[in-house]
Amino acid sequence: CDDMNQTNKVRSYCVRFEGELFDLNYLSKTTFKDLPKGNLRKYVTRLVEEGILNQISKGLFVIGKPKTPIAKLITHHYLFSFGMVPCGIPCGEYLLYEEKIIDAEPQVKLILSNQTFSNRNIDNIKIFYCDNSFVAESGTLMKVLELLNSEVLINEEDKPLWILKINEYLTSYNDSWMENHNIFYPRKVYLRLANFLNLMHISNRVMEIYEIKTKI
């Protein structure tokens, strides 16, 4: 029957991704979009009762027993799809810390991710929805833009390392990065990007592409 086939599909997913996160809202619109949401909620309730899913936040579960600490599991899930494909980036102080520009690990970690369709708070981790695809070059451009946007967060003594990191990421810049990018930073951040590229003598159409995209 349909009910049995549907619940088996959810069970098979849980077997395949044991130890990973199960984001009900995201999966209902992607992997299980062909299942009525009411049915999916019913199956999830059943799997919770059986101990296959363990709730850690509203609509968020661990499949079975986590293989890593919960906080690490959450950050990894929203940064890397299926454990390896980039799907998000750290933001603000969290990115500065991950890039070793600052030494102090932030108490609150901010993440931009395409593995969610809504902003959510999970303890000291804040996830923000981003519809960028996060193929390799998109992720690199996003990191550069986020670093530029986070300039006000760093001390003067950390500036040289900040500049070095941006230069490293921009070495392989191509205008296709901007063409595939969904604009959502302030205009001044893109001006700063163009300035960095010009100082590096890298030909670019950053502001031309920006103007076209913001007029559409």
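If you take every residue apart from residue 18 with its C-beta less than 9 Å away from the C-beta of residue 18, what net charge results, scoring Lys and Arg +1 and Asp and Glu -1?
+2
Just to verify a number: what accessible area does residue 176 come out at with the full protein assembly present, 1.4 Å probe, Å² rounded to tens?
30 Å²
Which entries of 42/126; 42/72; 9/42 show an alpha-carbon separation above 18 angstrom in the structure shown?
Those over the limit are 42/126; 42/72.
At 1.4 Å probe size, with no ligands or nucleic acids counted, give the accessible surface of residue 135 in Å², nearest ten.
Number for this one is 70 Å².
Looking only at the chain, where both bridge partners belong to it, what percent of the DSSP beta bridges are antiparallel (to the nearest 5)?
Beta bridges within the chain, antiparallel portion: roughly 75 percent.
Helix 136-149 sits at what angle to the longest principal axis of the chain, using alpha carbons and giving 0 to 90 degrees rounded to 10?
For 136-149 against the chain, the angle is about 60 degrees.
Apply the Karplus curve 6.51 cos²θ - 1.76 cosθ + 1.60, θ = phi - 60°, to the phi angles in the stretch 193-200 and return the couplings in whole Hz, x for Gly and Pro.
Values, residue by residue: 4, 4, 5, 4, 5, 5, 5, 8 Hz.
Leaving out ligands and nucleic acids, and using a 1.4 Å probe, what accessible area per residue does the chain come to in Å²?
Ligands and nucleic acids excluded, the figure is 54 Å² per residue.
Could you name the aspartates and glutamates whose alpha carbon sits less than 17 Å from that of residue 58, not counting residues in the same chain fewer than 8 places away?
20, 23, 49, 123
Ignoring ligands, DNA and RNA, what percent of the accessible area of the chain is carbon or sulfur (1.4 Å)?
Ligands and nucleic acids excluded, carbon and sulfur give 52 percent.
For the chain, find the longest principal axis of its Cα atoms and tell me its angle to the long axis of helix 206-215, 0 to 90°, nearest 10.
Between the helix axis and the principal axis of the chain, the angle is about 50 degrees.
So what does residue 100 come to for accessible area, using a 1.4 Å probe and Å² rounded to 10?
The accessible area comes out at roughly 150 Å².
Rank 16, 120, 187 by accessible area, highest first, at a 1.4 Å probe radius?
Reading off the accessible areas and sorting them downward yields 16, 187, 120.
Beyond 16 Å, how much of the Cα-Cα pair distribution for the stretch 90-136 remains, as a whole percent?
43 percent
The values are calculated or read from the model by the stated rules, or taken from the named source; none is laboratory data. Values in this document were obtained by computation on a predicted structure and should not be read as measured data. Because the Cβ atoms are built from the backbone with ideal geometry, glycine has one as well, and the counts that use them run over all protein chains shown. Areas reflect the complete protein model, heavy atoms only, side chains present, ligands, DNA and RNA absent. Shrake-Rupley method; radii C 1.70, N 1.55, O 1.52, S 1.80 Å.
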